[in-house]
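Since the structure comes first, as structure tokens, the remarks are kept for the end.
The values are calculated or read from the model by the stated rules, or taken from the named source; none is laboratory data. None of these values were measured; they are calculated from a predicted model. Cβ sites come from the backbone with ideal geometry, for glycine too, and all protein chains shown count toward neighbours. We work out accessible area using only protein heavy atoms, side chains counted, and drop any ligands, DNA or RNA first. Shrake-Rupley method; radii C 1.70, N 1.55, O 1.52, S 1.80 Å.
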Amino acid sequence: MVNTIQPRLLVHCRSGVGEGPVYDTATDTLYWVDIPAGHLWRWDRASRDVAYRQIGEPLGSMALIEGGGYLLASRRGLLVLPGWNDLPVLWQQIEPDRATQFNDGKCDPGGRFVAGTAAHDPRFTGTLYRVDADGSTAALVDGIGMSNGLDWSPDGRWFYHADTIAQTVNRYRWDAVAGVPSDPEPFIEIPAGDGLPDGLTVDTEGCLWLAVWGAGEVRRYAPDGRPLGAVSVPTPNVSSCAFGGPHGNELYITTAAQAAPSYGRQGRLAGDVFVVTTPVQGQPHRSFPRHGIPQRLFEPRPYELD
């Protein structure tokens, strides 16, 4: 690897499994989730305030909703959180009879939410789903060991998706009209013992940044799959990454305290969020359309602490 760079600590939060970072450019706010704790976290750039919301069930990923609110991919399915201080409401139930839960997800270039499930019972496998603006769902890929990081090339022609158990990031052709992947081929294969492919993001040059769980790195790959460099993170279980910031060139990196060393610097920083300024910009976050979500789901339901 060349051009190894070091991040700086942004938030000390000790997430069990931090995941799914999303940067809201309208408010200069970073969001991420703690999957097992069911926490939705936020960091405000202007005030430097850090806070989290308890959602009440494992939480795999989130997307912003146009005009306000949050779409949450959870254990039960898709939840709508109208506002930070409201109660989340179940919108679409997914795989109610299977020992699975939503994992990583994000909106495609057309605003459709694409997210996959991961099994916590070896008898089951995961499935990648597309959720359209009206809430209808379609299964895109099944038989996945653990559905994880995903993103699209800047021109929308390619879709990238990680299967953590298979140690592989696959590349698909993407039908932008139908919202369907096809012709999968291995794009990145992580050798056994070198870590596990986790969350990922694609920058404006078409290069893929991959969080490698267990390796303490976010690795950058060219559009042809060549390794270009890495961010060396000071704790091993690096889970995901996303671009943001005022100029779009800050890479935010989530990590996990789960299965990390309990001693030394690696243990102290496990589960924290890091940031590094890069020479390239990321693609902006895409929000989910509001018009297809029933208005009743946005009715205020005050959040009360126990």
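Loop sites only, by DSSP: take the GluC sites (Glu not before Pro) in the chain that have at most 16 other C-beta atoms within 10 Å and name the longest stretch containing none of them.
Details: sites that count: GLU66, GLU205, GLU304.
Longest stretch, sites excluded: 67-204.
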**Message:** I need two numbers for the stretch 15-133: Rg to one decimal and Dmax as a whole number, Cα atoms only, in Å.
**Reply:** 13.9, 47
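For the stretch 30-120, run through the chymotrypsin sites (Phe, Trp or Tyr not before Pro) and keep only the ones in DSSP coil with at most 12 other Cβ atoms within 10 Å of their Cβ. Don't skip to the answer; put the middle values down first.
Numbers: sites: TYR31, TRP32, TRP41, TRP43, TYR52, TYR70, TRP84, TRP91, PHE102, PHE113; in loops: TRP84.
Passing sites in the stretch 30-120 do not exist.
How long are the semi-axes of the equivalent ellipsoid of the stretch 111-194, taking √(5λ) for every eigenvalue λ of the Cα gyration tensor, in whole Å from largest down?
Details: eigenvalues 94, 59, 16 Å².
Taking √(5λ) for each Cα gyration eigenvalue gives 22, 17, 9 Å.
So between ASP28 and VAL180, what do we pick up on full extension, going 0.36 nm a residue minus the alpha carbon distance?
On the way: separation 152, 0.36 × 152 = 54.72 nm, distance 3.19 nm.
Gain in length upon complete extension: 51.5 nm.
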**Fill in**
Taking Rh as the Kirkwood radius computed over alpha-carbon pairs of the stretch 149-216 and applying Stokes-Einstein at 10 °C with viscosity 1.306 mPa s, one gets a diffusion coefficient in µm² s⁻¹ of 130
**Asked** Out of the stretch 1-92, which trypsin sites (Lys or Arg not before Pro) are coil in DSSP terms and have no more than 14 other C-beta atoms within 10 Å?
**Response** ARG48
**Message:** As a test of reading the structure, rank SER153, SER47 by solvent-accessible area (1.4 Å probe, protein chains only), most first.
**Reply:** SER47, SER153
**Request:** Name the residues whose placed amide hydrogens come within less than 5 Å of the amide hydrogen of THR100, ignoring near sequence neighbours (fewer than 5 apart) on the same chain.
**Result:** HIS120
**Complete:** Simple SL model, points at 7 angstrom along Cα→Cβ for GLU57 and ASN85; separation in nm is 2.6
**Asked** What is the ratio of the Cα radius of gyration of the chain to 2.2 N^0.38 Å, where N is its residue count, to two decimals?
**Response** 0.91
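According to the Cα gyration tensor, what semi-axes, each the square root of 5 times an eigenvalue, does the equivalent ellipsoid of the stretch 195-277 have, listed from largest to smallest in whole Å?
Details: eigenvalues 102, 41, 15 Å².
Value: 23, 14, 9 Å, ordered largest first.
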**Asked** Under the Karplus relation 6.51 cos²θ - 1.76 cosθ + 1.60, θ = phi - 60°, what is the ordered set of whole-Hz ³J(HN,Hα) values for the stretch 56-66, x standing for Gly and Pro?
**Response** x, 6, x, 10, x, 6, 8, 9, 6, 9, 4
**Separation of the ARG98 and GLN281 label points, Cα + 7 Å toward Cβ, nm** = 3.9
**Förster radius 30 Å - calculated FRET efficiency between ALA138 and GLN295 (Cβ-Cβ, nearest 0.05)** = 0.80
**Prompt:** With each label point set 7 Å from Cα along the Cα-Cβ vector, what nm distance links ASP155 and ASP49?
**Reply:** 4.5
**Asked** Karplus couplings for the stretch 15-32 from phi (6.51 cos²θ - 1.76 cosθ + 1.60, θ = phi - 60°), rounded to Hz, Gly and Pro as x?
**Response** 5, x, 9, x, 7, x, x, 9, 9, 8, 5, 5, 10, 6, 10, 9, 10, 7
